[in-house]
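Data first, discussion second: the structure below is written as structure tokens.
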Amino acid sequence: MKKDLLGIGDLTRDEIYRVLDTAVAMREIGERPIKKVPTLRGKTVVNLFYEASTRTRTSFEIAEKRLSADTLNIAVSTSSVQKGETLADTAMNLEAMSPDMIVLRHASSGACHLLSRICKSRIINAGDGMHEHPTQALLDAFTIRQHKKTIEGLKVAIVGDLLHSRVLRSNVLLLTKLGAEVWVSGPPTLVPRGIQQLGVKVSTSVEAAIADADVIMMLRIQQERMQGAYFPSLREYFQLFGMTRERVRLARPDVIIMHPGPMNRGVEIASDVADGPHSVILEQVANGVAVRMAVLYLLAGGVEDEAAA
Amino acid sequence: MKRLLKGGRVIDPANGRDGAFDILIEGDVIARVGRDLPVDGDTTVVQIPAGLVVTPGLIDIHVHLREPGQEHKETVATGTHAAVVGGFTAVACMPNTSPVNDNAGVTEYILKQAKAANLARVYPIGAVSRGQNGEQLADIGELRAAGCVAVTDDGRPVATALLMRRALEYTQMFNMPVIEHCEEPSLKGDGVAHEGLQASALGLKGIPGECESIMAQRDIALAELTGGLVHIAHMSARQTLDAVRYGKARGARVTCEVAPHHFILTDERIGAPVPYDTNAKMNPPLRETADRDAMLKGIADGSVDVIATDHAPHHLDEKHVEFDRAPFGITGLETCVSLCFDRLVHAGVVGLPRLIELLSVNPARIIGVRGGSLAEGAPADISVLAPDLAVTVHAASMVSKSKNTPFDGWTLRGGVAATIVGGRTVYVNAAVPGLAL
């Protein structure tokens, strides 16, 4: 693996499979009564979060602790960022304390690339602006694989705010790399220009996108998008794109419904779908820990360890 | 004191000259131009090595000198130093300083600093509106009297169609152009890159080409309505060029400029070689291949009037941040000539005479200053160019106070040999052998 995980583009097909395979073993650790292994003992991991996050930060922290790393959480409200320190300065100061890895969540696309240029520590992108969220895509792939055995040849429909979604970008890169047929759907105001060139099919008809789909992945709709005149009302959005039981019937009978969270019930997804038999939303959360353990392990030198063994 | 420049190829499109001519400089003016001029006792003969080109002084009509107010980025002294190193004998500087150049006091201050620096000539450009706020006209007559050659609210467009109309009408008293930064504000939003595949893949907010062309269309229509002079600054989108062509065909008094980065680079530069390189962030943004190629075509077919750099120095600290938080702009004065030689002349897009029109003749005409000509009696503002000089761009050794260029490390063919302002040699490139200016 490369030094950092900044985006799915950093991973080859084989490396993606290595992460997914390693995560199987990591998941098993989470099912033991003593959920801890000494793998990352003596390694320091900094979770540097410039954006609010419950799921991702907790997931990383649990993953780090299960691997016995020394973890340190820096949240924006408590750090010197409030005093006007630049990201570059924060990075240099952290670097001076020699952490082994930095997990970064930031509102600016490319913030991880800036950090990567400054730091010798390995950087894991935990979401940068509208760019990428690679560990989310990896845990999504892990979840799909659990249910469908393989990703190649599956029809995956991704529905929602495509424009502002880093989850979309990482998933498109990963799923197309692994041979899935990816459809994306959302109002034309929320479709990024040129996205077809990334190898996906675009449809403004959610019905067409999810017809006979093996996987439906819903993306969060942010309320503030209405101010940007992307769509007229949440009510109309739900009517046109909301995932209802009726719509789910258009997909394959064994379709799985995914959502990276946090969900807006009644906006992009109906509660009876979110909590219904096709939903794997909580499994995604559970798998997030295992996949992040795998990423941490492999980046920390798991490969070299194997070679030495 | 007399100096006779002898040898080299003299290209002076304004006077229809292209060939071997002698130029006699007497004091600060060109006294005579001709073949094999006689030499009297008090004349120093300067032999121009073969292969060099002697042209009327280059003029960059779109430069941010940052003074007053942002001296950490650039000053009149460092900016004009960069100008002469880049082969420019004159620059026109934008009014978005702090305070804004919307009154004679600021104009006079800039001119005082320029006089003290005593390098390139400086032609200040005043604001269209007071404080560039887009509400009330600045005292344009006062600015003109103090030395401003044009007005603009550059950095932003003239806020309303009505104010633009008034500016285009009012400036006709002074025969001054209104230079327009074309940008429809609501379409720009908080965009930071060209709207297209690159921005989509990198997760950056986009700015469509129409953001620029829609405003250009408004302004060209108003130029037609009023008979005023509008000059479209730093054109980047193919749609804008089409709008300019349309306006010219209809007889509107519209001219336009394009910056080297917009006819050389595309938005792919944001992703590689350095991902999210803030030195690839400028406004208007680097656009896609079709736009870049349209700019080259416009340069070749004569639709483009001027090449101007939009030299926009920013301090390293300001650029060493997240892409969306970095200021827009790159430096341009010290790379322009080499880029033009390499990508226009040697690439076969234009011949040297046309390049001199773009960099000297037309800029002088548009801002209405003397220059762009090697006529007898004209100021002795002369650029000596080295079309085959091997140049490697080295940002760290640039004389501009700021080093924000996307061309660092580029090797280019063609450069500057010497710069003469008012008869005085203000720059000689040590890398050019045999030049004793």
> For region A:1-136, what mean projected area does the convex hull of the alpha carbons give, in nm²?
Replying inline: 8.3
>> Taking R0 as 51 Å, what FRET efficiency do you get between B:ASN118 and B:GLU169 from their Cβ-Cβ distance, rounded to the nearest 0.05?
In response: 0.85
> Given the C-alpha centroids of region B:73-139 and region A:138-171, what is the distance between them in whole angstrom?
Replying inline: 54
> In percent, how large is the relative contact order of region A:125-225, given Cα pairs closer than 8 Å and 6 or more residues apart?
Replying inline: 31
> Using bins 10 angstrom wide from zero, how does P(r) for the protein assembly as shown break down, in % of all Cα pairs?
Replying inline: 3, 13, 20, 20, 16, 13, 9, 4, 1, 0, 0
> Antiparallel as a % of all DSSP beta bridges within chain B, to the nearest 5?
Replying inline: 50
>> What number do you get for region B:347-437 when its Cα radius of gyration is normalised by 2.2 N^0.38 Å, N = residues?
In response: 1.22
>> Can you give me the angle between helix B:210-226 and the longest principal axis of chain B, using Cα atoms only, in degrees from 0 to 90, rounded to the nearest 10?
In response: 70
> In region A:140-254, what % of DSSP beta bridges are antiparallel (nearest 5)?
Replying inline: 0
> What net charge is computed for the residues neighbouring B:ALA396, neighbours being all others with C-beta under 13 Å from the C-beta of B:ALA396, Lys and Arg scored +1, Asp and Glu -1?
Replying inline: 0
>> Given a Förster distance of 35 Å, report the FRET efficiency between A:GLU15 and B:ASP301 from their Cβ-Cβ distance, rounded to the nearest 0.05.
In response: 0.10
> Quick one: helix B:104-117 against the long Cα principal axis of chain B, what's the angle to the nearest 10°, folded into 0 to 90?
Replying inline: 40
> Using the Kirkwood formula over every pair of different C-alpha atoms, what hydrodynamic radius in Å results for region A:220-309?
Replying inline: 15.7
>> So if the hydrodynamic radius of region B:136-273 is defined as the Kirkwood radius over C-alpha pairs, what does Stokes-Einstein give as its diffusion coefficient at 10 °C and 1.306 mPa s, in µm² per second?
In response: 101
>> Along the Cα→Cβ direction, 7 angstrom out, place labels at A:VAL285 and B:GLU210. What is the inter-label distance in nm?
In response: 4.2
> Tell me, what is the FRET efficiency for A:VAL24 and B:ASP317 to the nearest 0.05, using R0 = 60 angstrom and their Cβ-Cβ distance as r?
Replying inline: 0.80
> Among the DSSP beta bridges whose two residues both lie in the protein assembly as shown, what percent are antiparallel, rounded to the nearest 5?
Replying inline: 30
> Using a basic spin-label model with each label point 7 Å from the Cα along Cα→Cβ, how many nm lie between A:ALA229 and B:ALA290?
Replying inline: 2.4
>> Given points 7 Å out from each Cα along the Cα-Cβ axis, report the B:GLU376 to B:ALA430 separation in nanometres with one decimal.
In response: 4.0
> What percent does the relative contact order of chain B come to when contacts are Cα pairs within less than 8 Å and at least six residues apart?
Replying inline: 20
> How large is Rg/Rh for region A:61-199, to two decimals, with Cα atoms and a Kirkwood Rh?
Replying inline: 1.03
>> At 1.306 mPa s and 10 °C, plugging the Kirkwood radius over alpha-carbon pairs of region B:279-384 into Stokes-Einstein gives what diffusion coefficient in µm²/s?
In response: 101
> What is the count of Lys pairs in chain A whose alpha carbons sit under 21 Å apart, if the two are 8 or more places apart or on different chains?
Replying inline: 16
> Using alpha carbon centroids, what distance separates region B:303-318 and region B:141-164, in Å?
Replying inline: 19
> Which Rg and Dmax, in Å, describe the Cα atoms of chain B?
Replying inline: 20.7, 69
>> Net charge around B:VAL151, counting only other residues with Cβ within less than 11 Å of its Cβ (Lys, Arg = +1; Asp, Glu = -1)?
In response: -4
> chain A: longest stretch without exposed GluC sites (Glu not before Pro) (DSSP loop, at most 15 other Cβ within 10 Å), sites themselves excluded?
Replying inline: A:153-309
> Setting aside same-chain residues fewer than 8 positions from B:LYS248, which lysines have a Cα under 24 Å from its Cα?
Replying inline: B:LYS297
>> Under the √(5λ) rule applied to the eigenvalues of the Cα gyration tensor, what semi-axes describe the equivalent ellipsoid of chain A? Give them in Å, descending.
In response: 32, 23, 17
> Angle between the Cα long axis of helix A:13-29 and the longest principal axis of chain A, 0 to 90 degrees, nearest 10?
Replying inline: 80
> Of all the Cα-Cα pairs you can form in region A:155-309, what percent are over 28 Å apart?
Replying inline: 23
> Just the Cα atoms of region B:191-245, one point each, no solvent: what log10 I(q)/I(0) does Debye give at q = 0.15, 0.18, 0.20, 0.30 Å⁻¹?
Replying inline: -0.48, -0.62, -0.71, -1.11
> Taking K and R as +1 and D and E as -1, what net charge do the other residues with C-beta under 15 Å from the C-beta of A:PRO188 add up to?
Replying inline: 0
> Short version: ³J(HN,Hα) in whole Hz for each residue of region A:153-161, in order, from phi by Karplus 6.51 cos²θ - 1.76 cosθ + 1.60 (θ = phi - 60°), x for Gly and Pro, what are they?
Replying inline: x, 6, 9, 10, 10, 10, 10, x, 7
>> For a quick size check, give me the Cα extents of region B:221-310 along its three principal axes, largest first, whole Å.
In response: 46, 21, 18
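The numbers here are math on the coordinates, done by the rules we state, and not lab data. Everything numeric here is computed off the predicted structure, so don't read it as measured data. We place every Cβ from the backbone using ideal geometry, glycine too, and count neighbours over all the protein chains shown.
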